[in-house]
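Peer 1: One structure, as structure tokens, below. Some questions next.
Read-outs throughout are calculated quantities, based only on the coordinates presented, and are distinct from any laboratory measurement. Bear in mind the structure is a predicted one, so any value in this text is a computation, not a measurement. Note that we place each Cβ from the backbone using ideal geometry, even for glycine, and neighbour counts take in every protein chain shown.
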Protein chains: 2
Amino acid sequence: MPELRKDPVTGRWVIISTDRAKRPSDFVRDKVEIRGSGFCPFCTNNESKTPPEIMAYRKDGTQRDTPGWWVRVVPNKFPALRIEESLNRQGEGLYDKMEGVGAHEVVIETPDHNKTLAMLDPHAIEDVFWAFRDRILDLKKDTRFKYILIFKNHGEAAGASLEHTHSQLIALPVVPKQVHEEMSGAAEYFRYRERCIYCDIIHQEMESGIRMEAENEAFVAIAPFAPRFPFETWIVPRVHQSAYEQPSKQEYSQFARILKDVLMRLDQVLEKPAYNFVIHTSPLPESENEYYHWHMEIMPKLTKVAGFEWGTGFYINPTPPEQSARFLREAAVPVDDQSI
Amino acid sequence: MPELRKDPVTGRWVIISTDRAKRPSDFVRDKVEIRGSGFCPFCTNNESKTPPEIMAYRKDGTQRDTPGWWVRVVPNKFPALRIEESLNRQGEGLYDKMEGVGAHEVVIETPDHNKTLAMLDPHAIEDVFWAFRDRILDLKKDTRFKYILIFKNHGEAAGASLEHTHSQLIALPVVPKQVHEEMSGAAEYFRYRERCIYCDIIHQEMESGIRMEAENEAFVAIAPFAPRFPFETWIVPRVHQSAYEQPSKQEYSQFARILKDVLMRLDQVLEKPAYNFVIHTSPLPESENEYYHWHMEIMPKLTKVAGFEWGTGFYINPTPPEQSARFLREAAVPVDDQSI
């Protein structure tokens, strides 16, 4: 029997279409496999083929834009926004526009072309997270920016134009609509109950267990109650934190471990799917608050197209989250050895 | 120079990325061509292969579910929602859900497998529009429904699973988020100015002309100021109408003509692209109002993937609407002969 479910934060309704219910093997798509052929500007020794590096974690004594790094951040060669502009807000009749000020950076997650993020060891993933944080702390100083988006496109089907594993960061002078909706929904809940809605969600999910995918000391991975996409997964810190830059060293380490664990489960159950992830955090001007809770949303790219979803904001999801969570929870992946 | 533009109705910001600006020929994709091979349940003589017809325009004296029709409406064989359910709103801790009551219907636009909607003559397109209206009038009687979505997926890349040209209709017990946002934005504008924002948009667009694609007595086709997708096109009635079921006979005829004209322009400029369209109309309980203006949104499927747009509600569009509008406006298509 199909069900309509409402996302408790944004109020978005989703159809969970059990008549069309799909198991992992029902999704027809290409595995993401590293081909490794051709020239790659993100590989070691090709540092001169990217714009000059913004920062890198590299061996002592090595020079900028030379080998010796393990995480490297460079400007996007084809940026969607430019850092040099002034805001210059203008009207055009009843319309509003401003110049495209912003930053668009690429975080090269490893020098090794043949590794996916899921294959890196937790320490290496943690360093990617530190790079995100260092860039946020730096870009925060620029008061033109209201929001920093961190996201990853993995696999061609998810929009990756280069296969060498990397994430992206966009600093924006406006808050994206979907983040704004989450902020308003969370603020409204807080006004009414004086509790963070995400904290309440974690509490309910840990108690029921039916949508749990993985957990460790500091994080839970859950299938959201009203997911837009099959096998959509959220990774949420267990204690209240409004901004991505707040976790402790110990917590970033736990975040790296649970992300690796979830990505291995997705690879196993869905046979190396393409996916996108985004980190949702508080806008820069109010990054410390009691009502919003930063988290990562992972969306495997399984259904071939979005169809009418774009025009309506209305999603039909053929896999109930209780089912996708069970598949992921029960996947046979190596036990996370915390002693690594 | 990239630009940030704000949609005046919803408040959504879009990056118009001129650094990546693309001409029609820059979009790599497959032409939508009718192959016509294999069995098709939407063809004449195969009426028994669909669920029993809900309505059809057919020759006098012909029987239901037999040949003789020119537009035929049937239930979707794999419905996302079911008409038999009761609403049965329930909580589950802090979550809300209800049973998936709704209707999901398919409008087969012609018996001819080898025609696309763009190839039908204006009279035939007008009859498709009358079928939409007849179904809305019928489904409106069911007070469980709050909204009726009409949409079309054309081509496999846009989500069409059968190539025989058809549209779809979903009746919902809730208002989709994006429609709700348009309604709120339009209502707020109206409170402030006592004018419909879409009427003001039409006025400004007709005056400037830079985003005009086509017009006739009753409709305009424009590229919106802040389009999410390259070559996105809106068709809007020139006089204020809040609901799709309100136009006169003469107006539906003009709507058919302008849609055919726009689809031919898209086929010509973009070489038969896949596309989605949706009709945005007022919710059923308040379908007559002064502040909302029904319209059709056409989204050619040109960019290969949505990437991070899904997770953020933030869109990057590589083609400024002034450019796409000029390409479409200047396309060499047969002059619409109003005497047909």
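Peer 1: Let's see if you can work this out: charge +1 on each Lys and Arg Cβ, -1 on each Asp and Glu Cβ, no other charges. What is the dipole magnitude of segment A:3-329 about its Cα centre, in debye to the nearest 20?
Peer 2: About 500 debye.
Peer 1: Could you give the size of the charge dipole of segment B:12-94 about its Cα centre, using +1 on the Cβ of each K and R and -1 on the Cβ of each D and E, expressed in debye and rounded to the nearest 20?
Peer 2: The dipole magnitude comes to about 320 debye.
Peer 1: List nothing, just return the count: lysine pairs in segment A:62-177, 8 or more apart or interchain, with Cα separation under 27 Å.
Peer 2: Lysine pairs satisfying the spacing and distance rule in segment A:62-177 number 18.
Peer 1: Now a separate question. Placing one identical point scatterer on every Cα of the protein assembly as shown and ignoring solvent, what is log10 I(q)/I(0) from the Debye formula at q = 0.07, 0.08, 0.11, 0.12 Å⁻¹?
Peer 2: -0.47, -0.62, -1.20, -1.43
Peer 1: Of the options B:MET212, A:ILE170, B:LEU259, report the single residue whose Cα projects farthest towards the positive end of the charge dipole of the protein assembly as shown (beta-carbon charges: Lys, Arg +1; Asp, Glu -1).
Peer 2: It is B:LEU259, whose Cα lies furthest towards the positive end.
Peer 1: For segment A:4-135, what's the relative contact order in percent, using C-alpha pairs closer than 8 Å and at least 6 residues apart?
Peer 2: It comes to 18 percent, rounded to a whole number.
Peer 1: Mind listing the label-point distances from B:HIS203 to the same position on all other copies, shortest first, one decimal in nm, points 7 Å along Cα→Cβ?
Peer 2: The projected label point of B:HIS203 is separated from its counterparts by 5.2 nm.
Peer 1: Among A:THR50, A:THR165, A:THR62, whose mean-square fluctuation peaks in a Gaussian network model of chain A (Cα, cutoff 10 Å)?
Peer 2: Looking only at A:THR50, A:THR165, A:THR62, the biggest GNM fluctuation is shown by A:THR62.
Peer 1: Using θ = phi - 60° and the Karplus curve 6.51 cos²θ - 1.76 cosθ + 1.60, what whole-Hz ³J(HN,Hα) does each residue of segment A:4-17 get, with Gly and Pro shown as x?
Peer 2: With the stated coefficients, segment A:4-17 comes to 9, 10, 10, 5, x, 8, 8, x, 6, 8, 10, 8, 9, 9 Hz.
Peer 1: Identify all aspartates and glutamates with a Cα-Cα distance to B:LYS22 below 16 Å; exclude those on the same chain that are fewer than 8 residues away in sequence.
Peer 2: Within reach: B:GLU3, B:GLU232, B:GLU271, B:GLU322.
Peer 1: If a/c stays under 1.5 just call it rounded; otherwise compare a/b with b/c (prolate if a/b is bigger, oblate if not). Do that for segment B:1-144, with a ≥ b ≥ c from the square roots of the Cα gyration tensor eigenvalues.
Peer 2: Oblate is the answer for segment B:1-144, as a/c is 1.5 or above yet b/c matches or exceeds a/b.
Peer 1: Next up: Do any trypsin sites (Lys or Arg not before Pro) in segment A:52-91 lie in a loop, going by DSSP, with at most 16 other beta-carbon atoms within 10 Å of their beta carbon, and if so which?
Peer 2: A:LYS59, A:ARG64, A:LYS77, A:ARG89
Peer 1: May I pose another question? Run the numbers on chain B and let me know its relative contact order in percent, using alpha-carbon pairs under 8 Å that are six or more apart.
Peer 2: Computed over chain B, the figure is 21 percent.
Peer 1: Under the rule a/c < 1.5 gives rounded, and otherwise a/b versus b/c splits prolate from oblate, where does segment A:205-340 land using the Cα gyration tensor?
Peer 2: It is oblate, given that a/c is not under 1.5 and a/b is not larger than b/c.
Peer 1: I would also like to ask the following. Given Cα positions, please report Rg to Rh for segment B:174-233, the hydrodynamic radius being the Kirkwood one.
Peer 2: Result: Rg/Rh = 1.01.
Peer 1: Which of the GluC sites (Glu not before Pro) found in segment B:54-119 are in a DSSP loop and have at most 12 neighbouring Cβ atoms, other than their own, within 10 Å?
Peer 2: Qualifying residues, ordered by number: B:GLU84.
Peer 1: Per DSSP H run of n ≥ 4, the term is -39500 (n - 2.57); total these for chain A, divide by its residue number, and report the mean residue ellipticity at 222 nm rounded to 500 deg cm²/dmol.
Peer 2: -7500 deg cm²/dmol
Peer 1: Show me the helices of chain A, taken as full DSSP H stretches, that run 20 Å or more along their long axis by Cα and average -1.0 or above in Kyte-Doolittle hydropathy.
Peer 2: Once both thresholds are applied, what remains is A:122-139, A:249-270.
Peer 1: Okay, moving on. So, counting K/R as plus one and D/E as minus one, what does the shell of residues with Cβ under 9 Å around A:SER324 add up to?
Peer 2: The answer is -1.
Peer 1: Pick out which of A:ASP134, A:ASP60, A:ASP121 has the largest mean-square fluctuation in a Gaussian network model of chain A, springs linking Cα atoms closer than 10 Å.
Peer 2: A:ASP60
Peer 1: Picking from A:PRO111, A:PHE39, A:ASN153, whose Cα lies most toward the positive end of the charge dipole for the protein assembly as shown (charges on Cβ: Lys, Arg +1; Asp, Glu -1)?
Peer 2: A:PHE39
Peer 1: Among B:PHE27, B:TYR244, B:PRO52, flag the residue with its Cα farthest along the positive direction of the charge dipole of chain B, charges on Cβ as +1 for Lys/Arg and -1 for Asp/Glu.
Peer 2: Positive-end residue among those listed: B:PHE27.
Peer 1: Loop only per DSSP, at most 15 neighbouring Cβ atoms within 10 Å: give me the trypsin sites (Lys or Arg not before Pro) in segment A:188-237, ordered by residue number.
Peer 2: Here the trypsin sites (Lys or Arg not before Pro) that fit, given the DSSP loop and packing criteria, are A:ARG195.
Peer 1: Could you pull the copy-to-copy label distances for B:ASP142, with points set 7 Å along Cα to Cβ, in nm to one decimal and sorted shortest first?
Peer 2: From this label point to the equivalent ones elsewhere in the assembly: 5.2 nm.
Peer 1: Something else now. Averaged over B:5-17, how many beta carbons belonging to a partner chain fall within 10 Å of each residue's beta carbon?
Peer 2: The mean count of partner-chain Cβ atoms within 10 Å per residue comes to 5.
Peer 1: In nm, what does the list of distances from B:ASN216 to its counterparts in the other copies look like, shortest first, when each label sits 7 Å along Cα to Cβ?
Peer 2: 6.3
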